[in-house]
Structures are given as C-alpha cells and as structure tokens.
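Read the structure below first, then the notes.
Here, each number is a calculation from the coordinates, and none is a lab measurement. Note that the structure is predicted; figures quoted are calculated from it, not measured. Using ideal geometry, Cβ is built from the backbone for each residue, glycine included, and neighbour counts are taken over all protein chains shown.
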Amino acid sequence: MQRRGADIAVWSEDTPAAPYGASEEVFNGSIAAAAIRVNPDVIHVHWSHFAEQNFDALLATGAPVTIRGHGFDFSPKLINRLLDRPAIKRIYLYPHHARHCPESPKILAAPVALTVERFRPKQKNRKMVLRAAALLPTKDLELLVRVAKRLPEFQFVLCLARGHDFGFAAEFLNFVEKQGSPIDIRFDVPHEECFELFRQAGIYLHTFGPSDPFGMPISIGQALAAECYTLVRQVPGAEEYLSDAGGIYKDENQ
C-alpha cells in the first residue's frame, strides 16, 4: 500500500506484551478518536469477529470498511452477516475459506502475503528444526517439545511471541521442564533475527491444534520462502497451502 502511495496509520485495541517497534504511528484509545485525527479514506480491519463486534464504532467513522479474515475467526455464518452490511465493501478470505462462502462481489480470495526476498537462504543447517509462533495453547507447542526430546541429534529452536498471557506461559515452561526436552526457546525475537533463523533452518515443523479452522499461517509462508523442508499437520487447507514443498503429518508418531 505504501508503494502505491497510501499513508498508513494503525489502531490497536491493546498494547501488546511483545516489545516490538512499529514503523507507523499506532493509536490506542477509541476508534472514533483515532479516526478524527487520521480522517481515513478506508478502514481495514483484521479479524472478522472483531469487525462485527465493533461495527457501530467503525460505522460512526463514516469511512468504508474492508476486512481481512484469518483462520481462527472463520465462520460462513459470520461472513454472511458481514456481507449484509453496506458499509463493508470487501472481505478478503483465504482461498479455501472463500469456497465455503456464497458468491459475492464483496468476497475476494487472497492468499497470505509476505516479502519473500527477506528469507532467501544462504547456507542451510539440515539438522536445525525451527518453529515460530505466538505463545498460545491453540498452537500445540507441546508436540514440538516431545519431538525434540525424541530427536536429540537435531537442534530444535522455538521462537515465541508473547501476546495476552492467561497463565499459559508458566504452564508451558513447566511442561518443558518436566519433559526434560533440549529445545531452545527464545521469547520476543526481533524480526531480523527471526528471519535469519528461517534462512538457516533446514526444517520447519509447524504445530497446530485442530480445534480451530486452519488459515494460512505466515510462518509457513516464511518457511517456504526460506526453502525449509516444511512439515504441516493434516488439517483442511494445509495440503493446498503447502503444495509439494514439504510433508503432511497426522501426529507426532507418523
């Protein structure tokens, strides 16, 4: 959008726990107050359910709204409700989600996007297994810990970004300690350092709890761009995303 000449401002409901710097101005407080200062031509919202829950506030800004759906928030019934809102002009969905929704000029099937040049590999460590994720119970990080324990000849690196901590961090670290796993856990890794780990890793093992709908996790795209051999759990949408660049697994014993 910046290359096309757009000015970008960001509004966030909360201040995240992970201490990352922002390249653009970030507003907190109310959406209305931010809109008064920025006077946006378009408001682009991530998460479909957030758009519905905050629709009155978005409508009050007077700006047209576009939405980027993710994985965990996907629901055809929710998308149908959003399509009925005249102020919502476009809903961007992952291709395997869009196929489950009615045909509408408002829906655009759009895959995950990233700058692939950042991940061009230099020299691969074929014994290095990487996973990058938000520190959430839905990521099934325990699977990675157990696999690392079973394969001590490999170097396992887990990069975790802290979001809302509802006590899971302490629970997870306690699990790692009890397992006695040799996994290397790193918190809130700076972007460039994380990108370098992708460039080095020979294998990317994506863990995912099948309770939520599968989206198109950005870390898988990053791993593919870095030419990692990528392993993804067998859930709807995963095989299409991975194509022939890795392998699909049912569980840790496969």
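At full extension, ALA6 and GLN234 could sit 78.2 nm farther apart than now, given 0.36 nm per residue minus the alpha carbon distance.
How high is the FRET efficiency between LYS178 and THR15 when r is their beta carbon distance and R₀ equals 35 Å, given to the nearest 0.05?
So the FRET efficiency works out to roughly 0.60.
Plainly put, the chain has a radius of gyration that is 0.98 times its Kirkwood radius, both from alpha-carbon atoms, as the Rg/Rh ratio. Report note on the peptides 191-202, 136-147, 221-232: ranked by the mean count of other C-beta atoms within 10 Å, highest first, their order is 221-232, 136-147, 191-202. When shorter helices are ignored and each DSSP H run of at least 4 residues is given -39500 (n - 2.57), the per-residue value for the chain at 222 nm works out to -8000 deg cm²/dmol. With everything on Cα atoms, drop me the angle between helix 191-200 and the longest principal axis of the chain, reported from 0 to 90° to the nearest 10. Value to nearest ten degrees: 40.
You can think of it this way: the chain between LEU114 and ILE218 has 36.7 nm of extra reach, that is 0.36 nm per residue less the Cα-Cα gap. Considering only alpha-carbon pairs that sit under 8 angstrom and 6 or more positions apart, the relative contact order computed for the chain is 17 percent. Take the Cα of GLN254, step 7 Å toward its Cβ, do the same at ASN39, and the gap between the two points is 5.5 nm. Panel note: the C-alpha atoms of region 140-210, placed on their principal axes, show extents of 31, 30, 24 Å (largest first). How high is the relative contact order of region 93-183, given as a whole-number percent (alpha carbon pairs under 8 Å, six or more residues apart)? For region 93-183, the relative contact order is 28 percent.
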